[in-house]
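Scroll down for the structure; my scribbles are underneath it.
The values are calculated or read from the model by the stated rules, or taken from the named source; none is laboratory data. Every value quoted in this text rests on a predicted model; they were computed, and no experiment measured them. Virtual Cβ from ideal backbone geometry, glycine too; neighbours counted across all protein chains shown.
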Amino acid sequence: MLAIGFGLFAYSMYLTATLTNQTGFWELFVPLAVRGLGLICCYLPANMIAMGTLPPSTLRNAAGLYNLTRDLGGAIGLATIVTLMNERVHFHWNRLIENVNPARPVVQQFLEAQANRLDGLISGDPSRAALKMLSNAVQREALVLTYNDLLLLIGALFIVGVMLLPLVSRPRSFLSR
(Lines give C-alpha, C1' and ligand atoms only; values in the text may rest on other atoms or scores of the structure.)
Protein backbone atom coordinates (compact mmCIF):
# COMPACT_ATOMS: atom_id res chain seq x y z
CA MET A 1 0.00 0.00 0.00
CA LEU A 2 2.87 2.36 0.80
CA ALA A 3 4.50 1.60 -2.56
CA ILE A 4 1.23 2.43 -4.32
CA GLY A 5 1.00 5.69 -2.39
CA PHE A 6 4.60 6.65 -3.17
CA GLY A 7 4.09 5.72 -6.82
CA LEU A 8 0.90 7.75 -7.13
CA PHE A 9 2.54 10.72 -5.45
CA ALA A 10 5.56 10.52 -7.80
CA TYR A 11 3.23 10.22 -10.81
CA SER A 12 1.27 13.27 -9.69
CA MET A 13 4.51 15.24 -9.40
CA TYR A 14 5.37 14.23 -12.96
CA LEU A 15 1.92 15.32 -14.16
CA THR A 16 2.21 18.64 -12.35
CA ALA A 17 5.74 19.37 -13.58
CA THR A 18 4.46 20.63 -16.92
CA LEU A 19 3.19 23.92 -15.50
CA THR A 20 3.01 27.05 -17.58
CA ASN A 21 1.94 30.54 -16.62
CA GLN A 22 -1.43 29.69 -18.19
CA THR A 23 -2.12 26.55 -16.14
CA GLY A 24 -5.57 26.63 -14.64
CA PHE A 25 -7.85 24.65 -12.37
CA TRP A 26 -8.68 21.82 -14.75
CA GLU A 27 -5.05 21.18 -15.68
CA LEU A 28 -4.28 20.79 -11.98
CA PHE A 29 -7.39 18.85 -10.98
CA VAL A 30 -6.24 15.37 -12.05
CA PRO A 31 -2.68 15.65 -10.68
CA LEU A 32 -3.97 16.96 -7.35
CA ALA A 33 -6.58 14.20 -7.13
CA VAL A 34 -3.88 11.59 -7.84
CA ARG A 35 -1.64 13.20 -5.22
CA GLY A 36 -4.44 13.13 -2.65
CA LEU A 37 -5.10 9.46 -3.33
CA GLY A 38 -1.38 8.74 -3.02
CA LEU A 39 -1.19 10.54 0.33
CA ILE A 40 -4.18 8.60 1.63
CA CYS A 41 -2.34 5.38 0.76
CA CYS A 42 0.76 6.57 2.64
CA TYR A 43 -0.59 7.59 6.05
CA LEU A 44 -1.75 4.32 7.55
CA PRO A 45 1.25 2.19 6.45
CA ALA A 46 3.70 4.85 7.63
CA ASN A 47 2.01 4.97 11.02
CA MET A 48 2.02 1.17 11.24
CA ILE A 49 5.73 1.02 10.41
CA ALA A 50 6.53 3.69 12.99
CA MET A 51 4.38 2.44 15.86
CA GLY A 52 3.13 -1.04 14.97
CA THR A 53 5.66 -2.86 17.15
CA LEU A 54 5.26 -0.80 20.31
CA PRO A 55 3.52 -2.06 23.44
CA PRO A 56 0.28 -0.24 24.30
CA SER A 57 1.83 1.28 27.43
CA THR A 58 4.33 3.32 25.37
CA LEU A 59 2.00 4.20 22.49
CA ARG A 60 0.97 7.62 23.84
CA ASN A 61 4.55 8.86 24.23
CA ALA A 62 5.58 7.27 20.96
CA ALA A 63 2.76 9.05 19.11
CA GLY A 64 3.95 12.38 20.48
CA LEU A 65 7.53 11.65 19.48
CA TYR A 66 6.38 10.47 16.05
CA ASN A 67 4.41 13.69 15.48
CA LEU A 68 7.37 15.77 16.63
CA THR A 69 9.80 14.04 14.25
CA ARG A 70 7.28 14.23 11.39
CA ASP A 71 6.84 17.97 11.95
CA LEU A 72 10.59 18.49 12.28
CA GLY A 73 11.19 16.52 9.09
CA GLY A 74 8.59 18.63 7.32
CA ALA A 75 10.26 21.83 8.49
CA ILE A 76 13.68 20.63 7.34
CA GLY A 77 12.21 19.50 4.02
CA LEU A 78 10.49 22.84 3.51
CA ALA A 79 13.68 24.74 4.33
CA THR A 80 15.56 22.59 1.82
CA ILE A 81 12.94 23.20 -0.86
CA VAL A 82 13.05 26.96 -0.28
CA THR A 83 16.85 26.93 -0.49
CA LEU A 84 16.74 24.96 -3.74
CA MET A 85 14.02 27.24 -5.04
CA ASN A 86 16.17 30.33 -4.45
CA GLU A 87 19.09 28.74 -6.27
CA ARG A 88 16.99 27.52 -9.20
CA VAL A 89 15.10 30.79 -9.67
CA HIS A 90 18.43 32.62 -9.97
CA PHE A 91 19.66 29.97 -12.40
CA HIS A 92 16.56 30.25 -14.60
CA TRP A 93 16.55 34.06 -14.36
CA ASN A 94 20.14 34.17 -15.60
CA ARG A 95 19.38 31.73 -18.42
CA LEU A 96 16.29 33.61 -19.54
CA ILE A 97 17.85 37.06 -19.28
CA GLU A 98 20.61 35.98 -21.69
CA ASN A 99 18.00 36.04 -24.46
CA VAL A 100 16.31 39.25 -23.33
CA ASN A 101 18.82 41.69 -24.73
CA PRO A 102 17.41 45.15 -25.57
CA ALA A 103 19.58 45.12 -28.71
CA ARG A 104 17.58 42.21 -30.16
CA PRO A 105 14.89 43.32 -32.62
CA VAL A 106 12.20 41.12 -31.00
CA VAL A 107 12.84 42.67 -27.59
CA GLN A 108 12.88 46.18 -29.07
CA GLN A 109 9.54 45.51 -30.78
CA PHE A 110 8.03 44.24 -27.54
CA LEU A 111 9.28 47.24 -25.56
CA GLU A 112 8.08 49.70 -28.20
CA ALA A 113 4.67 48.05 -28.49
CA GLN A 114 4.19 48.04 -24.72
CA ALA A 115 5.41 51.64 -24.38
CA ASN A 116 2.99 52.74 -27.12
CA ARG A 117 0.16 50.84 -25.45
CA LEU A 118 0.93 52.39 -22.06
CA ASP A 119 1.45 55.92 -23.42
CA GLY A 120 -1.40 58.01 -22.06
CA LEU A 121 -2.56 55.26 -19.67
CA ILE A 122 0.10 55.90 -17.04
CA SER A 123 1.47 59.10 -15.61
CA GLY A 124 5.12 57.99 -15.62
CA ASP A 125 7.58 57.02 -18.31
CA PRO A 126 5.95 54.38 -20.57
CA SER A 127 9.36 53.05 -21.72
CA ARG A 128 10.33 52.38 -18.12
CA ALA A 129 6.96 50.71 -17.45
CA ALA A 130 7.43 48.50 -20.54
CA LEU A 131 10.86 47.46 -19.26
CA LYS A 132 9.30 46.64 -15.88
CA MET A 133 6.65 44.52 -17.64
CA LEU A 134 9.40 42.61 -19.44
CA SER A 135 11.28 42.10 -16.19
CA ASN A 136 8.11 40.80 -14.50
CA ALA A 137 7.49 38.38 -17.38
CA VAL A 138 11.04 37.00 -17.10
CA GLN A 139 10.64 36.66 -13.31
CA ARG A 140 7.31 34.85 -13.75
CA GLU A 141 8.77 32.39 -16.26
CA ALA A 142 11.81 31.77 -14.05
CA LEU A 143 9.46 30.92 -11.18
CA VAL A 144 7.39 28.56 -13.34
CA LEU A 145 10.53 26.73 -14.47
CA THR A 146 11.75 26.58 -10.87
CA TYR A 147 8.47 25.05 -9.65
CA ASN A 148 8.66 22.46 -12.43
CA ASP A 149 12.22 21.56 -11.39
CA LEU A 150 11.21 21.16 -7.76
CA LEU A 151 8.16 19.07 -8.61
CA LEU A 152 10.34 16.70 -10.63
CA LEU A 153 12.84 16.51 -7.77
CA ILE A 154 10.13 15.67 -5.25
CA GLY A 155 8.76 13.03 -7.62
CA ALA A 156 12.24 11.54 -8.00
CA LEU A 157 12.61 11.39 -4.20
CA PHE A 158 9.37 9.44 -3.97
CA ILE A 159 10.63 7.02 -6.65
CA VAL A 160 13.78 6.54 -4.56
CA GLY A 161 11.47 5.90 -1.61
CA VAL A 162 9.69 3.17 -3.59
CA MET A 163 13.03 1.56 -4.38
CA LEU A 164 14.03 1.64 -0.68
CA LEU A 165 10.78 0.07 0.53
CA PRO A 166 12.12 -3.52 0.35
CA LEU A 167 14.54 -2.54 3.12
CA VAL A 168 11.63 -1.80 5.47
CA SER A 169 10.63 -4.81 7.53
CA ARG A 170 6.97 -5.64 7.90
CA PRO A 171 5.79 -4.47 11.32
CA ARG A 172 4.56 -7.17 13.67
CA SER A 173 2.03 -6.32 16.27
CA PHE A 174 3.22 -6.36 19.87
CA LEU A 175 0.35 -8.68 20.75
CA SER A 176 1.15 -11.26 18.04
CA ARG A 177 4.63 -12.04 19.42
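To keep it simple, each residue is scored yes or no on (1) in contact (Cβ under 8 Å) with a residue 24 or more places away in the chain; (2) of a type outside the set (Phe, Trp, Tyr); (3) buried (at least 16 other Cβ atoms within 10 Å of the Cβ); (4) assigned to a helix (DSSP H, G or I).
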| residue | (1), (2), (3), (4) |
| --- | --- |
| LYS132 | no, yes, no, yes |
| ALA137 | no, yes, no, yes |
| LEU145 | yes, yes, yes, yes |
| PHE158 | yes, no, yes, yes |
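For residues in segment 27-80 being closer than 21 Å to LEU165 by Cα, among the hydroxyl-bearing types (Ser, Thr, Tyr) and part of a helix (DSSP H, G or I), which is farthest from the chain's Cα centre (by Cα)?
Per the stated criteria, the residue is TYR66.
Scan segment 21-33 and report the pairs whose first residue is over 19 Å from THR146 (Cβ atoms) and surrounded by 12 or more Cβ atoms within 10 Å (Cβ to Cβ) and whose second residue is β-branched (Val, Ile, Thr) and modelled with pLDDT under 95, with Cβ atoms within less than 8 Å and a gap of 6+ or a chain change.
LEU32/THR16
Take the residues in segment 93-106 that are surrounded by 11 or more Cβ atoms within 10 Å (Cβ to Cβ) and modelled with pLDDT of 90 or more, then tell me which one is nearest to LEU143 (Cα to Cα). Please lay out each step first, then the result.
The first filter runs over segment 93-106 and keeps only residues surrounded by 11 or more Cβ atoms within 10 Å (Cβ to Cβ), leaving 93, 95-97, 100, 104.
Adding the requirement that they be modelled with pLDDT of 90 or more leaves 93, 95-97.
Details: TRP93: 8, ARG95: 12, LEU96: 11, ILE97: 13 Å.
For segment 93-106, the residue satisfying everything is TRP93.
Just the residues that are free of Cβ contacts under 8 Å to residues at least 24 places away in the same chain and surrounded by 14 or more Cβ atoms within 10 Å (Cβ to Cβ), please, taken from segment 34-50.
Within segment 34-50, ASN47, ALA50 meet the criteria.
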